[in-house]
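Worksheet: the structure to be examined is printed underneath.
The values are calculated or read from the model by the stated rules, or taken from the named source; none is laboratory data. For clarity, every value in this text was computed on a predicted model and none was experimentally measured. As a convention, Cβ positions derive from the backbone with ideal geometry for all residues, glycine included, and neighbour counts pool all protein chains shown. We work out accessible area using only protein heavy atoms, side chains counted, and drop any ligands, DNA or RNA first. Shrake-Rupley method; radii C 1.70, N 1.55, O 1.52, S 1.80 Å.
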Amino acid sequence: MDMQPVPLNPLGWTFDPELLRRHDRPGPRYTSYPTAPHFHDGYGEAQFRAAIARSNASGRHLSLYVHVPYCTSPCFYCGCNRVISRDRSKGEAYVERVLLEADRVAPLFAPGRDVIQLHLGGGTPNFLEPAQLERLIDGLGQRFDFSTRAARDFSIELDPRSVSADDIGRLARLGFNRASLGVQDFDPAVQQAINREQGVAETLAIIDACRASGMRSVNVDLIYGLPRQTLEGFGRTLDTVLQARPDRLAIYGYAHLPHMFKAQRQIADGDLPGPEQKLALLGLAVERLSAAGYQYIGMDHFALPEEDLSRAQREGSLHRNFMGYTTHADTDLIGLGVSAISRIDTGYSQNPRELKDWQARIDAGVIPPLT
């Protein structure tokens, strides 16, 4: 594939493969900030409380992030903090502890600070049964002041393989108006190599269900650089997804770190595309998305021109936090659940990364942040 600079959006940015080659150096994982090496154990409950006190003086709106770590099966590429289990009853105890954490954190914030943004990530948030999700959202709504403004963003990450159209309707009734669906690649050879077999029809049906339920935005996640991935196969995936016209697309680069993530040891190094092929896969995605009218938002995100992120970018109000790109720049972020990251005032903190450690702190009656 002969890669030439490709215009990305009205701001005049271009995809320049030669520039990427010159700066191809190892670095920390880029998708969250601060990156993992920057956290340390010198930031504890006292600093967390002090940051909240400073935050209260600002009167800013709030964002909530809830990490749900459970997945029913391992995807071999995954570097997220997750726990593999088929026992859905574990969700009940997890919801109970998240609400106990909220019991201790919510009263520290001044009354009247609206939660304008809520995001459930994981793991697989729809590992939780519908009744468990309802209890979680209702419980958080009782402890925090959920905004009633039309601009509020309540989003959830979904595995299309384990959610139904009826489930989507229930999520919409709970207030969710955005959904993010994991796809990665529809190529059967790639799916087999990453232990994630997922049909096209079932995925597109969930996108349709999100729209039918009234959700205003649907995001699809793809990954380039996966084992057995080819330009031809990834091109078919891009064409299939673009026909569904999701409002946003995230095109992540696969980071192969088997020394850190045990599941990745199931991926044979010889099945991975080389650096030039990986760059070509990214170039193909940029070319197809740009031709389809998507606007480049930054790093790994694209959106339709009329989507909120695109408008915010053009207006200069776009912001990125731990949850990703957001139109709600002037908020403090509260992370709940194992490994969740908070950004309160100028301080960043992360809950214990191991489930047993987070559970122990909740059961001991203390506020979790340790780093």
Check: How many residues are surrounded by fewer than 20 Cβ atoms within 10 Å (Cβ to Cβ), of a type in the set (A, V, I, L, M, F, W, C) and within 29 Å of Asp145 (Cα to Cα) when one looks only at region 292-343?
Finding: 3
Next item on the list: Within region 173-186, track down each residue that is farther than 14 Å from Leu120 by Cα and either touching a residue at least 60 places away in the same chain (Cβ under 8 Å) or surrounded by fewer than 20 Cβ atoms within 10 Å (Cβ to Cβ) (or both).
Entry: Arg173, Gln184
Next item on the list: May I ask you to list the residues in region 35-74 that are part of a loop (DSSP other than H, G, I, E, B), of a type in the set (S, T, N, Q) and either open to solvent by 50 Å² or more (accessible area, probe 1.4 Å) or modelled with pLDDT of 90 or more (or both)?
Entry: Ser58, Thr72, Ser73
Check: Within region 194-204, how many residues are open to solvent by 70 Å² or more (accessible area, probe 1.4 Å) and outside any helix (DSSP H, G or I)?
Finding: 1
Checklist line | Residue ID - nearest to Ala53 (Cα to Cα), chosen from residues in region 344-371 that are assigned to a strand (DSSP E or B) and open to solvent by less than 40 Å² (accessible area, probe 1.4 Å) | finding: Ile344
Notebook entry, point to check: Of all residues in region 265-280 being at pLDDT 95 or above and surrounded by 17 or more Cβ atoms within 10 Å (Cβ to Cβ), which is nearest to Gln192 (Cα to Cα)?
Noted result: Ile267
Check: Looking at region 91-107, is at least one residue modelled with pLDDT of 95 or more, assigned to a loop (DSSP other than H, G, I, E, B) and either under 25 Å from Leu309 (Cβ atoms) or among the hydroxyl-bearing types (Ser, Thr, Tyr) (or both)?
Finding: no
Check: So which residues in region 147-193 are assigned to a helix (DSSP H, G or I) and either under 24 Å from His67 (Cβ atoms) or of a type in the set (Lys, Arg) (or both), if there are any at all?
Finding: Pro160, Arg161, Ser162, Asp167, Ile168, Arg170, Leu171, Ala172, Arg173
Note to self: So, in region 108-122, exactly how many residues are open to solvent by 20 Å² or more (accessible area, probe 1.4 Å) and either more than 16 Å from Phe154 (Cα to Cα) or outside any strand (DSSP E or B) (or both)?
What the structure shows: 4
Notebook entry, point to check: Going through region 130-146 one residue at a time, which ones are within 17 Å of Val68 (Cβ to Cβ) and open to solvent by 70 Å² or more (accessible area, probe 1.4 Å)?
Noted result: Ala131, Glu134, Arg135, Asp138
Next item on the list: Mind listing whichever residues of region 282-332 are under 19 Å from Ser180 (Cβ atoms), in contact (Cβ under 8 Å) with a residue 40 or more places away in the chain, of a type in the set (A, V, I, L, M, F, W, C) and assigned to a helix (DSSP H, G or I)?
Entry: Ala285, Leu289, Leu309
Next item on the list: Could you tell me which numbered condition Arg88 fails, if it satisfies all but one of (1) farther than 22 Å from Gln117 by Cα; (2) modelled with pLDDT under 80; (3) open to solvent by 50 Å² or more (accessible area, probe 1.4 Å)?
Entry: (2)
